[in-house]
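Colleague: Below you'll find the structure I mean.
The values are calculated or read from the model by the stated rules, or taken from the named source; none is laboratory data. Note that this is a predicted model, so its numbers are computed, not measured. Cβ placement follows ideal geometry from the backbone for every residue including glycine, while neighbour counts extend to all protein chains displayed.
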Amino acid sequence: MKYLYLILALSLFSLTAQAQPVDAQSGKIENQRLVQLREDAALQPLLKRANAAFDGAVFQKRAVASSLNIHLLEFDPARCPADALSQWLEAQPEVLYQHANYKVDFRTTPNDPDYELQWGAERIGLPEVWNFGQGGLTANGDTIVIAIIDSGFDLSHEDIIGNIWTNPHEIPGDGLDNDNNGYVDDLNGWDFRGNGPDIAYDDHGLRVSGILAATANNDKGIAGVCWNSKIMYLSIGSVAGIVSAYEYVLEQRQRYNETLGAEGAFVVATNASFGLIDPFFCSEYPIWGNMYDLLGEAGVLTGAGTANKDLDVDVVGDMPTSCESDFIITVLNSTEDEERFTRSGYGKVAIDMAAPGEGSYTVAPFNRYALFGGNSAAAPHLTGAIGLLYSMPCEFLSTDALTKPRETALFIRSILEESVYRFPAYADITATGGRLNVRSAMNLLSDACGGSTGDLGLLNIYPNPARDQLTIQYETPDFEPYEFRIYNALGQLVYRNNDTPARFREKQLQVDVSRWQAGMYVVEVFRGNSVETKPVIILQY
């Protein structure tokens with residue numbers, strides 16, 4: 001009898017261990033369908049009717065996104081042809097959407113060793129932005145988290161290990177779902193390929209991680225765009241995994257918003273360096289495509305790289321970069337010569353901007369470093385920029401991110417689009433006609449936070465008359481140092497100081513006049529040939 005049990009066990013293993021039937025050209029998983037039901041609908045009655053119609057050939061593989069009533073169905077194509085099942089599902093009243101599940105293509109192209117190391121950082125203005133924030137915390141102290149959804153990662157890499165997100169509400173290794181989010185021991189994210197807490201290994205996601213958030217100032221390797229942010233790792237291999245990963249991010253951010261940071265995670269962006277092998281339009285994949293609006297309502301943007309093919313996304317489609325959601329920002333792969341890489345998709349409507357991609361330098365397996373390219377490299381430059389902007393010292397942005405998450409996400413998108421560096425090469429192949437420029441985006445954010453620019457001028461001097469302290473409010477066309485001088489009525493210089501205008505608050509200078517003689521004074525601000533003056537009166541007690 002024990003031999004019979006052994007034979008049955010081996011037979012069962014051989015059935016479950018078989019690879020999924022996948023179309024080699026398109027990546028379509030031939031025996032699976034993704035189905036989203038109405039909110040009030042139950043799956044089991046639908047399955048019962050399906051099996052009556054198809055001779056018991058349909059069953060639930062797993063719940064893909066329980067809160068959204070999305071399920072992955074598996075079926076036997078011999079008894080239940082895919083087209084017949086699709087038509088049957090379309091006719092069922094409780095089915096909102098249904099479509100095939102696909103393996104995902106991770107967008108890597110061959111590296112070009114002639115490109116300089118990390119040429120993209122200078123190109124998009126990162127060094128100046130890093131002077132004001134590095135992506136770690138908001139002005140109010142919220143820890144900025146970016147979710148990378150990819151094939152897999154190497155969490156032991158020396159330049160990544162310091163920026164791994166750790167779920168503070170989960171006790172590692174106790175086998176319990178401590179934060180009651182449906183995932184046991186999800187300490188750093190989740191592996192939706194193997195459905196467990198141990199993140200799958202793969203060098204593609206590792207390389208993406210390096211561009212986005214490799215640790216800086218640690219005497220090792222490189223500096224990521226957003227080099228103090230915490231990275232949430234979510235490994236996927238199919239469309240079903242993508243939807244599950246997005247639901248995971250959505251619930252983490254919703255909890256954070258609702259509890260004002262007591263639970264969940266402050267995820268501001270997800271990175272999508274993946275897509276379907278064949279071009280499709282977003283309207284053909286509503287279950288997947290609808291996730292971007294849901295994420296956006298919670299305050300989460302997505303940076304997505306388009307296909308590594310010379311195709312017009314507006315004409316032939318691409319997933320996910322054909323999605324029209326306001327909360328997905330799409331990029332094409334640009335070269336150091338400010339041109340579209342020849343094997344990159346494009347689109348005057350679908351693709352928002354260019355971003356450095358080809359020849360990027362990043363981390364590699366076994367604590368090594370190497371060149372990396374394709375739209376997989378372009379996307380994390382943009383996604384990292386989103387996190388970086390949230391770390392600028394702007395209190396209203398930090399406050400609004402929790403109280404007005406949707407509006408704040410749209411604001412970040414708007415300044416990224418308005419600030420692009422425009423080039424003729426991108427004019428007819430992107431919506432903005434330009435390439436990512438984080439420094440200019442920071443300047444726009446600074447303006448919104450009170451650090452505006454304009455003609456040189458002394459806006460206000462108060463109190464006037466003054467007795468003990470004088471406040472000088474001024475405007476400048478840039479953020480370089482300006483010289484202030486104050487003269488008494490005899491023309492004698494009594495005060496001199498160089499002041500560097502603030503970026504994220506009002507430009508003002510305070511002067512102690514408590515020991516000055518009473519009388520008329522003249523305040524002067526200048527640099528080069530530009531001079532502005534204004535009188536002030538000092539009184540004695």
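Colleague: Tell me the residue from Asn228, Asn217, Asn181 that is surrounded by fewer than 24 Cβ atoms within 10 Å (Cβ to Cβ), in the same structural domain as Asn131 (by TED's automatic domain parsing), polar (S, T, N, Q) and under 16 Å from the mean Cα position of the chain (by Cα), please.
Modeller: From the options Asn228, Asn217, Asn181, the qualifying one is Asn228.
Colleague: From the list Arg413, Arg435, Arg439, pick out the single residue that is of a type in the set (Lys, Arg) and out of contact with any Ser or Thr (no Cβ under 9 Å at 6 or more places or on another chain).
Modeller: Just a single option satisfies the conditions, and that option is Arg413.
Colleague: A further question on this structure: Has segment 439-448 got any residue that is surrounded by fewer than 20 Cβ atoms within 10 Å (Cβ to Cβ), small (Gly, Ala, Ser), farther than 30 Å from Phe341 by Cα and in contact with a helix residue (DSSP H, G or I) (Cβ under 9 Å, 6 or more places away or on another chain)?
Modeller: yes
Colleague: Residues being in a loop (DSSP other than H, G, I, E, B), out of contact with any His (no Cβ under 9 Å at 6 or more places or on another chain) and either at positive phi or not aliphatic (A, V, I, L, M) (or both): count how many of those fall in segment 218-238.
Modeller: Selection size over segment 218-238: 9.
Colleague: Within segment 193-217, track down each residue that is part of a loop (DSSP other than H, G, I, E, B) and either farther than 20 Å from Ile171 by Cα or touching a Lys or Arg at 6+ places or on another chain (Cβ under 8 Å) (or both).
Modeller: Residues satisfying the conditions are Arg193, Gly194, Asn195, Ala200, Tyr201, Asp202, Ala214, Thr215, Ala216, Asn217.
Colleague: Here's something else I'd like to know. Would you call Ala355 over 21 Å from Leu260 (Cβ atoms) and either surrounded by 21 or more Cβ atoms within 10 Å (Cβ to Cβ) or in the same structural domain as Ala304 (by TED's automatic domain parsing) (or both)?
Modeller: yes
Colleague: Further question on the same structure: Within the group Arg503, Arg515, which residue is at pLDDT below 90, over 25 Å from Pro393 (Cα atoms) and of a type in the set (D, E, K, R)?
Modeller: Sole residue among the options that is at pLDDT below 90, over 25 Å from Pro393 (Cα atoms) and of a type in the set (D, E, K, R): Arg515.
Colleague: Tell me yes or no: at least one residue of segment 428-435 is in contact (Cβ under 8 Å) with a residue 12 or more places away in the chain, within 30 Å of Leu388 (Cβ to Cβ) and among the aliphatic types (A, V, I, L, M).
Modeller: yes
Colleague: Could you identify the single residue in Gln492, Gln510 that is assigned by TED's automatic domain parsing to the domain that holds Leu470, surrounded by fewer than 17 Cβ atoms within 10 Å (Cβ to Cβ), among the polar types (S, T, N, Q) and under 14 Å from Gln469 (Cα atoms)?
Modeller: Gln510 is the lone residue from the list that is assigned by TED's automatic domain parsing to the domain that holds Leu470, surrounded by fewer than 17 Cβ atoms within 10 Å (Cβ to Cβ), among the polar types (S, T, N, Q) and under 14 Å from Gln469 (Cα atoms).
Colleague: For segment 397-418, which residues satisfy the criterion of being under 17 Å from Asp326 (Cβ atoms) and either among the small types (Gly, Ala, Ser) or in contact with a strand residue (DSSP E or B) (Cβ under 8 Å, 6 or more places away or on another chain) (or both)?
Modeller: Selection gives Ala401, Ala409, Ile412, Arg413, Ser414, Leu416, Glu417.
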